[in-house]
Each structure stands twice: as structure tokens, then as C-alpha cells.
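Below is one structure; the comments refer to it alone.
Derivation of every value follows stated rules applied to the coordinates shown; laboratory data play no part. Not measured: the values here are computed from a predicted model. Ideal geometry is used to build each Cβ from the backbone, glycine not excepted, and the neighbour counts take in all protein chains shown.
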Amino acid sequence: MNSGVKAAVATACMLGAWCLMPNATADETDPMSGIHAGDVLVRLRAISIVPEVSTNSGNTLSAINAGVNNATVPELDLTYMIRDSIGVELILATSRHQVTSNLGRLGGVNVLPPTLLLQYHFNHQGRVRPYVGAGLNYTYFYNDSLNVGGQGVQVSRSSFGPAVQAGVDVQITKKLFLNADIKKIWMRTDTTLGSGSLGTLHIDPIVVGVGLGMKF
């Protein structure tokens, strides 16, 4: 497992355990703690995108051992709490990745994957609030410059796939909180060279993020 993923999982576990401590929960009279229906949560994270690439066996992408490099970018997300413990989150980020093979680098492609998730927040009145989420991802591929042997490779522009997440918010002031988050997103693109198919590239990254959030 990538070291960044290990660190995020360890952090989430420790912070999750913290919510079992007495000072991690708060009653309704504590003005600093808790989220409630109608709240808007805005988070800004630094994320590490770690593709878990696969290709269908027997095609050209598999034969040349195609891969996709990691990327680190900022991410903005917005959560609206429709119930005290239930929220809807929209995740916004874009990244550029280099596609590799045993022939060398094949070029780069930009990925824009807006993702909508339904979340359940545990301990919504506490200062430490773990959450889980699941939803749908739409990925748009753009600004691609892929080629094999000097010939341009075309990619399909979009895909839909599921997404799941787990994370934790830790309140540090009435409005400000820390956040750690890990997501799995399924995305793919079909590739062609001229009129011939090279196969489907499944990128399916794990996305690990840490950052700050504001409650409105």
C-alpha cells in the first residue's frame, strides 16, 4: 500500500478512536461543537491521487504495461446537511497525469472528476465527527497529448462510476475544523489509435486528503 494511504488510514483510525474519549463529545449547550440540519461545510484539502490502474488482458494497453502516475493537487468540496447526521457533498478538483508504458512515457491527460456523495456523519454534536459516504462520479478527460510511436492516441471524453469515502472532521473553533479523508473513485477511458482499439484504461484511484474546513 502507498505510504500516503497508510498514513491517512492511520490518522483516520486514531482520530476515530478519539471520538470515544469523554472530551470528544459535547452536549447541545456547547456553542463550539456539532453540525446540524441546514449547515454548510466548506473544505479545502491537499489531495494525493494514487491510480490503481488495470487493463483488459489481451489488448495493446496490457501488452505495453500501461500505467498512470500519481498527482498531488488542491481539492474543494461543499457539504449541505439535509439532516443532523446526513449530508450531501460535491467534490471539485482537477489533475494532470502522465501515462507510462514499457515503451516509455506516452504523454499526459487532464482529469476532471466532479463527484456527488451522500454522507452519514457519526457523533454530529461532538468535536470529533467521523463520516462515511457513497455516490456517483462523472469524469471528463481533456487536454490529452498521448501518442505511441509518434502517432496520436485518442481517448473517450467521459465516464461514470461509483465512489466511496471515509473521513473525520475535528472541530478546533466554533467555525473551523481539521479534516482527513480517503476516497475510492472508479473511472475509465477507452483508447484508440487511428481506427483500431488499444483497450480500456481503468484508472480507479485512491484519493487521500487532509485540510481545513469552515462551518456556515
Phi to ³J(HN,Hα) by Karplus 6.51 cos²θ - 1.76 cosθ + 1.60 over region 130-140, Hz, x for Gly, Pro: x, 8, 10, x, 8, x, 10, 10, 10, 10, 10
Integer Hz, Karplus 6.51/-1.76/1.60 couplings in order for region 174-183, x for Gly and Pro: 4, 10, 9, 9, 8, 9, 10, 8, 9, 10
Under DSSP loop assignment and at most 15 Cβ neighbours within 10 Å, longest trypsin sites (Lys or Arg not before Pro)-free interval of the chain: 1-82
Amide H partners (placed H, <5 Å) of L106, local residues excluded: V99, T100, S101
Residue-by-residue Karplus 3J(HN,Hα) for region 194-200, coefficients 6.51, -1.76, 1.60, Hz, glycine and proline x: x, 9, x, 7, 9, x, 9
Neighbour cut-off at most 14 other Cβ (10 Å), DSSP loop, chymotrypsin sites (Phe, Trp or Tyr not before Pro), region 94-131: F122
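Over all alpha-carbon pairs in the chain, figure out the percentage whose distance exceeds 29 Å. Kindly include the intermediate steps, with their values, before the conclusion.
Working: 7698 of 23220 pairs.
When every Cα pair of the chain is considered, 33 percent fall beyond 29 Å.
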